Ligand code: FES
Ligand code: FES
């Protein structure tokens, strides 16, 4: 069976046809060519495929594509605003929070999910917020620091504006 | 320690990496991110048996499945004769490689490929795979070194004869190679020693755990040429290996490097590339193959498991006078584990007069082992560095002091042969001894451990091209995959040489047709060796730029010097010319400005690391929590300190996973029981503390900027540092990896049963 799906992805309304058993991850990557979202396991254990669905953090490999009918999906490609990087993206670059970078899209999305609801996380809160995202390269040190830096940066600009 | 003042403007700064933007926006293309028009999807049919002869394969039904466009088996690959060759830093036998990629007469592990199918959809390809009928004659299998070396063990390879004198009479066995090394008289040394400690260790196989599964797209044309997009630690290596197993001229292949999502040694070989190429040739369309995570675990390189015995004898003043090691490594289905490197590195940090080392490379019915970060060394170090902890305790010496008194330094003949040049081992020990961590208080159930490690750097071959554009910016064409920020270090060295801003330099990793040959990104060599090629090419460009300025000024080139990215006339009488100005007028002064350097890098240094770790052990559960971790490592010179720290932290994190959780678990049929990230438990952020780093800089005299390789040594001491900390916390010596909660708990239970503090193992 194939379904017709209409949803919003990164702010744009999108329509596509999917096999009923096709995951959102496969639909993003294979049907919509949004290959920024990565597959590390396809079983919900690595977080490389993290996306926000209506603001909530999800492993897109565990969601059927047809389930996002009418939803608002955010992938790594939608984090930057035109030519302005999101503060988290900026902090990752400044803080050398990526080595190979395969985990980075998922970590950025998971970090956004955290900072969207808590702009003053402790180190421990950051560590638990990204505990579903495997990174094999960095040991997480610079990732955690960069997310804390991004939070501080976002707090500062929230005060200013 | 990182010097605060250096003579450099760019080297040593923490600039933004050139490929960063693509990677934080999702634009960077990794192995699985390529989509070609008309592309088919492939799957690999793998053996369900650990050891069996393939009687026959019938693919006719598979070809009838709608959507299936090609099916290939052993019949589609040429027979390759046994030939050992250097492949990057490790030895490869091409016949074994070709048989690992596609089984011939026998399957040797669960997951061994027996056929591959390309179809219009994944579902059709999977249905095609199910329709293939393979007739197996199943044999008994062996899963451990002990089973494989038992007198009546089933033999994997009937032509495998060990390289020792008795082998001729013994006939084929599962021991591929014996490595021997002797110096002095170790037995006599033990007789004279005031303390002799001998211990045995067991280490389970672990996986490199890169997050990106192996992936490839191949497009083979009617002329028999193929373009291959894949992620690897060396696209030239992929070309060489693939061409050899297909019996093709290498020039028929163009390998385009995708971004690589982690390798750690595991992507210094090939698995899928020849299959995709032949499927594409048969189907006449591009074919993509991507491993599932389960396939990655079951069929790509684990680090070998091992059994190890180490004996160390020392005098009461702490001088080590004898050391012996016996190591048997689980090579997996084909010979060629890192046991040779383990033999070379096992006692390398120390100056020991009497040494005896033996290493066995043992085949068994598990996937063929592959390289993993400092291959072999962490296994050896786990044993040696925990025995040293016991020696220190027996002699009432501080463990750092014991190491310091025996540490190798410049002029010492290493236990693997060469005499050390300037090295920084003692400096790493001092860095840890003087670190605040070393003196910090501990609470109940907490303990502290230290350990050290050694690893080589590889030199090997590199080529790099520098092109100066008419706007005075520079492109670097590099052939070494960037796996952890090497583009950043190349750009910094080029900026320093050319005297222009790092932002004006664009480094690209280009395909095998677009730059000269480069060996693998492995052996911690890229910033060292490929960096050297970049530096040489830049110096060539500067020489040309000086010449062009001389032409413009109508003076002798000797009167022109290069400073701060400008040509200056010695007399100071002419306004300096910037690289941009020279580039803009290049058409009038002799044409484009470009240079290529192709070299075999000499002057490699070696690398040392010393680490200190605090743990807390829960006596109820055996759970070990890492409270604090500090690593000191000699980087020679940190070109980009952030990425040097990143390598150190990443190595430690992998070592922590290896120490506490990670292991291959096989059932009795030889099937890996934990082939998912859920069950193969790698460290997550909430498992770890911050990992403090101390970059020690003892410049390598063999490199223009003093670089030593930094990629690997960080993982070497970690398991031992943790084991020593667990002992400090509990009084229990753990001699089996991983030191999982279950194992630690049962060790605590055993101790409370007999009421003693007897070490267990
Ligand atoms: S790919 Fe979805 S969690 Fe790993
Ligand atoms: S940077 Fe490589 S997995 Fe995270």
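The values are calculated or read from the model by the stated rules, or taken from the named source; none is laboratory data. Here the structure is a predicted model, which is why all the values come from computation and not from measurement. Positions of Cβ are backbone-derived with ideal geometry, glycine not excepted, and every protein chain shown enters the neighbour counts.
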When region A:95-108 is checked residue by residue, the ones that are outside any loop (DSSP other than H, G, I, E, B) and either without any contact (Cβ under 8 Å) to a residue 40 or more places away in the chain or more than 7 Å from chain B (Cβ to nearest Cβ) (or both) are A:104, A:106, A:107, A:108
Report whether or not residue B:667 is within 14 Å of chain A (Cβ to nearest Cβ) and either closer than 30 Å to residue B:398 by Cβ or more than 16 Å from ligand 2 (Cβ to nearest atom) (or both).
no
Margin query: Kindly evaluate residue A:6 against the criterion of being outside the structural domain of residue A:150 (by TED's automatic domain parsing), in contact (Cβ under 8 Å) with a residue 12 or more places away in the chain and within 16 Å of ligand 1 (Cβ to nearest atom).
Written below: no
Note on residue B:540: of the conditions (1) modelled with pLDDT of 95 or more; (2) crowded, with 22+ Cβ neighbours inside 10 Å, unmet is (2)
I'd like to check something: does region B:707-714 contain any residue that is assigned by TED's automatic domain parsing to the domain that holds residue B:342 and assigned to a helix (DSSP H, G or I)? yes
Those residues of region A:60-83 which are modelled with pLDDT of 95 or more, over 11 Å from the mean Cα position of the chain (by Cα) and closer than 22 Å to residue A:156 by Cα amount to A:80
Only one of (1) modelled with pLDDT under 95; (2) surrounded by 19 or more Cβ atoms within 10 Å (Cβ to Cβ) does not apply to residue A:91, and that is (1)
- Message: I'd like to check something: does region A:126-135 contain any residue that is away from ligand 1 (no atom under 16 Å from the Cβ), farther than 19 Å from residue B:684 by Cβ and not assigned by TED's automatic domain parsing to the domain that holds residue A:15?
- Response: no
Residue B:604 - would you say it is over 30 Å from residue B:490 (Cβ atoms) and under 23 Å from the mean Cα position of the chain (by Cα)? no
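Of the residues that sit in region A:50-63 and are more than 14 Å from chain B (Cβ to nearest Cβ) and either surrounded by fewer than 19 Cβ atoms within 10 Å (Cβ to Cβ) or free of Cβ contacts under 8 Å to residues at least 40 places away in the same chain (or both), which one is farthest from ligand 2 (Cβ to nearest atom)? Break it down stepwise before answering.
Initially, region A:50-63 is screened for residues more than 14 Å from chain B (Cβ to nearest Cβ), giving A:53-58, A:63.
Of the ones still in play, those that are also either surrounded by fewer than 19 Cβ atoms within 10 Å (Cβ to Cβ) or free of Cβ contacts under 8 Å to residues at least 40 places away in the same chain (or both) are A:53-56, A:58.
Details: A:53: 23, A:54: 27, A:55: 24, A:56: 23, A:58: 20 Å.
Among them, the one singled out is A:54.
Filter region A:25-39 down to the residues that are within 9 Å of residue A:61 (Cα to Cα) and near ligand 1 (Cβ under 10 Å from one of its atoms), then identify the one that is nearest to the other protein chains (Cβ to nearest Cβ).
By that ranking, first place goes to A:39.
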Scanning region B:512-539 residue by residue, those within 22 Å of the chain's Cα centre (by Cα) and part of a loop (DSSP other than H, G, I, E, B) turn out to be B:512, B:517, B:518, B:519, B:520, B:521, B:522, B:523, B:524, B:525
- Task: State whether one or more residues within region B:717-730 are modelled with pLDDT of 95 or more and out of contact with any strand residue (DSSP E or B) (no Cβ under 8 Å at 6 or more places or on another chain).
- Result: no
Exception for residue B:616 within (1) at pLDDT 95 or above; (2) not assigned by TED's automatic domain parsing to the domain that holds residue B:348 falls at (2)
When every residue in region B:671-686 that is more than 8 Å from chain A (Cβ to nearest Cβ) and surrounded by fewer than 21 Cβ atoms within 10 Å (Cβ to Cβ) is compared, the one farthest from residue B:645 (Cα to Cα) is B:671
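Taking residue A:152, is it more than 9 Å from chain B (Cβ to nearest Cβ), farther than 27 Å from residue B:641 by Cα and outside any loop (DSSP other than H, G, I, E, B)?
Numbers: more than 9 Å from chain B (Cβ to nearest Cβ): yes; farther than 27 Å from residue B:641 by Cα: no; outside any loop (DSSP other than H, G, I, E, B): yes.
Considered against the rule, which asks whether it is more than 9 Å from chain B (Cβ to nearest Cβ), farther than 27 Å from residue B:641 by Cα and outside any loop (DSSP other than H, G, I, E, B), residue A:152 comes out as no.
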Those strands (runs of 3 or more DSSP E) completely within region B:190-297 that have 3 or more residues that are in contact with a strand residue (DSSP E or B) (Cβ under 7 Å, 6 or more places away or on another chain) and more than 11 Å from chain A (Cβ to nearest Cβ) are B:195-203, B:215-220, B:226-230, B:253-257
A careful count of residues in region A:112-128 that are more than 11 Å from chain B (Cβ to nearest Cβ) and part of a helix (DSSP H, G or I) gives 6
(1) touching a residue at least 60 places away in the same chain (Cβ under 8 Å); (2) part of a loop (DSSP other than H, G, I, E, B); (3) under 30 Å from residue B:675 (Cβ atoms); (4) more than 16 Å from ligand 2 (Cβ to nearest atom) all hold for residue A:34 apart from (1)
Of the residues in region A:40-49, those that are touching a helix residue (DSSP H, G or I) at 6+ places or on another chain (Cβ under 6 Å) and more than 13 Å from ligand 2 (Cβ to nearest atom) come to A:42, A:44, A:49
Residues in region A:65-78: is at least one in a loop (DSSP other than H, G, I, E, B), buried (at least 22 other Cβ atoms within 10 Å of the Cβ), within 16 Å of ligand 2 (Cβ to nearest atom) and within 11 Å of another protein chain (Cβ to nearest Cβ)?
no
The residue that is farthest from residue B:293 (Cα to Cα), considering only those in region B:687-701 that are within 22 Å of the chain's Cα centre (by Cα) and more than 14 Å from chain A (Cβ to nearest Cβ), is B:700
